[in-house]
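Colleague: Just dropping this structure here.
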Amino acid sequence: GRRIVVTAGPTHEAIDPARFVGNRSSGKMGAAIAAAAQRRGAEVTLLLGPSSVPEPVGVTVVRVESAFDLQDALATAVKSADVIVMSAAVADYRPAKPAAQKLKRSELGQKTAIELVANPDLLAGLGKQRGAKKAPLLVGFAAETNDVIANAKKKLASKKCDLIVANDVSEAGAGFGVDTNRVTLVDAAGSIDLPAGPKTHVAHGIVDRVVALLEPEPKRRKR
């Protein structure tokens, strides 16, 4: 009965109609989380960047291309959300002036420069919007190559998240484009290592923690 919004995949920021700035995200982890939540009875909307990952059955899928496309889709999707899971790898920068026509190598020469400008920080923006109510529950991702836990803790605080899913993308079997993952869940209570395994299994471990944060155990009465 909960309403969950999941973002997944990369964003592509146009250089010209034929080229883009992007990253290695496949969208597999986010799609697996969306499927796991749907199987447990949640109403799930998946905002999916450019990806060939199959769309999960029973999930409402909204396709996006760029960071601004995702920002617009989020503005609509989060209005009634109980949980937002930001697993998409949003490009940090975009070309300042995308070309309307394909840039010709013969005209660019042996060296060229592309001016990049920062994209909006969508996760930080959602954290600020929640205010004092701390709703909806906000889950961020930290794809790191060093100091994974320390960086995840910093992100938890700076982005005002309830939970960070952290992993070392340089580790074999845990990076972009593969079907397996190994993550650490970091929240205010500390950190928990989930067992390495298929992303479909890891997704259920992440959803387990989301459920626990949504429905904490009642405080024991004092005798």
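Colleague: Just wondering, is there one or more residues in the stretch 111-131 that are within 15 Å of the chain's Cα centre (by Cα), closer than 20 Å to residue 203 by Cβ and aliphatic (A, V, I, L, M)?
Modeller: For the stretch 111-131, residues within 15 Å of the chain's Cα centre (by Cα), closer than 20 Å to residue 203 by Cβ and aliphatic (A, V, I, L, M): present.
Colleague: Every residue in the stretch 151-194 that is touching a residue at least 24 places away in the same chain (Cβ under 8 Å) and of a type in the set (Gly, Ala, Ser), please.
Modeller: 152, 158, 166, 170, 175, 177, 188, 191
Colleague: Out of 64, 85, 59, report the one residue that is closer than 22 Å to residue 186 by Cβ and open to solvent by less than 80 Å² (accessible area, probe 1.4 Å). Spell out how you get there, then give the answer.
Modeller: Details: 64 fails: closer than 22 Å to residue 186 by Cβ; 59 fails: closer than 22 Å to residue 186 by Cβ.
The match here is 85.
Colleague: Considering each residue of the stretch 117-129, count those that are in contact with a strand residue (DSSP E or B) (Cβ under 8 Å, 6 or more places away or on another chain) and surrounded by 12 or more Cβ atoms within 10 Å (Cβ to Cβ), and give that number. Outline the logic, then answer.
Modeller: Restricting attention to the stretch 117-129, the residues satisfying the condition of being in contact with a strand residue (DSSP E or B) (Cβ under 8 Å, 6 or more places away or on another chain) are 117-119, 122-123, 126-127.
Checking the rest, the ones that are also surrounded by 12 or more Cβ atoms within 10 Å (Cβ to Cβ) come to 119, 122-123, 126-127.
Within the stretch 117-129, residues that are in contact with a strand residue (DSSP E or B) (Cβ under 8 Å, 6 or more places away or on another chain) and surrounded by 12 or more Cβ atoms within 10 Å (Cβ to Cβ) number 5.
Colleague: Let me ask something additional. Exactly one of these conditions fails for residue 175: (1) closer than 14 Å to residue 213 by Cβ; (2) surrounded by 15 or more Cβ atoms within 10 Å (Cβ to Cβ). Give me its number.
Modeller: Looking at each condition in turn, residue 175 falls short on (1).
Colleague: For the stretch 156-172, how many residues meet the condition of being buried (at least 22 other Cβ atoms within 10 Å of the Cβ) and of a type in the set (D, E, K, R)?
Modeller: Residues flagged as buried (at least 22 other Cβ atoms within 10 Å of the Cβ) and of a type in the set (D, E, K, R) within the stretch 156-172 amount to 1.
One line per residue, one yes/no per condition, for (1) among the acidic types (Asp, Glu); (2) in contact with a Lys or Arg (Cβ under 8 Å, 6 or more places away or on another chain):
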{"site": "5", "(1), (2)": "no, no"}
{"site": "15", "(1), (2)": "no, no"}
{"site": "23", "(1), (2)": "no, no"}
{"site": "32", "(1), (2)": "no, yes"}
{"site": "62", "(1), (2)": "no, no"}
{"site": "69", "(1), (2)": "yes, no"}
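Colleague: While we're on this one: Taking the stretch 36-56 as the region of interest, how many residues are buried (at least 17 other Cβ atoms within 10 Å of the Cβ), within 15 Å of the chain's Cα centre (by Cα) and of a type outside the set (A, V, I, L, M)?
Modeller: Summing the residues that are buried (at least 17 other Cβ atoms within 10 Å of the Cβ), within 15 Å of the chain's Cα centre (by Cα) and of a type outside the set (A, V, I, L, M) in the stretch 36-56 gives 3.
Colleague: Look through 117, 186 and report the one residue that is of a type in the set (Val, Ile, Thr) and under 26 Å from residue 40 (Cβ atoms). Working first, answer last.
Modeller: Working: 117 fails: under 26 Å from residue 40 (Cβ atoms).
It is 186.
Colleague: Next up: Tell me yes or no: at least one residue of the stretch 31-48 is more than 17 Å from residue 206 (Cβ to Cβ) and in a loop (DSSP other than H, G, I, E, B).
Modeller: no
Colleague: Hey, residue 10 hits all of (1) of a type outside the set (Gly, Ala, Ser); (2) in contact with a helix residue (DSSP H, G or I) (Cβ under 8 Å, 6 or more places away or on another chain); (3) open to solvent by less than 10 Å² (accessible area, probe 1.4 Å) but one; which does it fall short on?
Modeller: (2)
Colleague: Given the criteria touching a Pro at 6+ places or on another chain (Cβ under 7 Å) and closer than 14 Å to residue 11 by Cβ, does residue 73 qualify? Before you say what the answer is, go through the steps one by one.
Modeller: Working: touching a Pro at 6+ places or on another chain (Cβ under 7 Å): no; closer than 14 Å to residue 11 by Cβ: yes.
So residue 73 fails the test.
Colleague: Could I ask something else about it? Out of the residues in the stretch 130-155 that are exposed (fewer than 14 other Cβ atoms within 10 Å of the Cβ) and closer than 25 Å to residue 27 by Cβ, which is modelled with the highest pLDDT?
Modeller: The extreme case among them is 146.
The values are calculated or read from the model by the stated rules, or taken from the named source; none is laboratory data. Just so we're clear, the structure is a prediction, and the values are computed from it rather than from any experiment. Reconstructed Cβ throughout: ideal geometry from the backbone, glycine too, with neighbour counts over all protein chains shown. Calculation scope for accessible area: heavy atoms of the full protein, side chains included, ligands and nucleic acids excluded. Shrake-Rupley method; radii C 1.70, N 1.55, O 1.52, S 1.80 Å.
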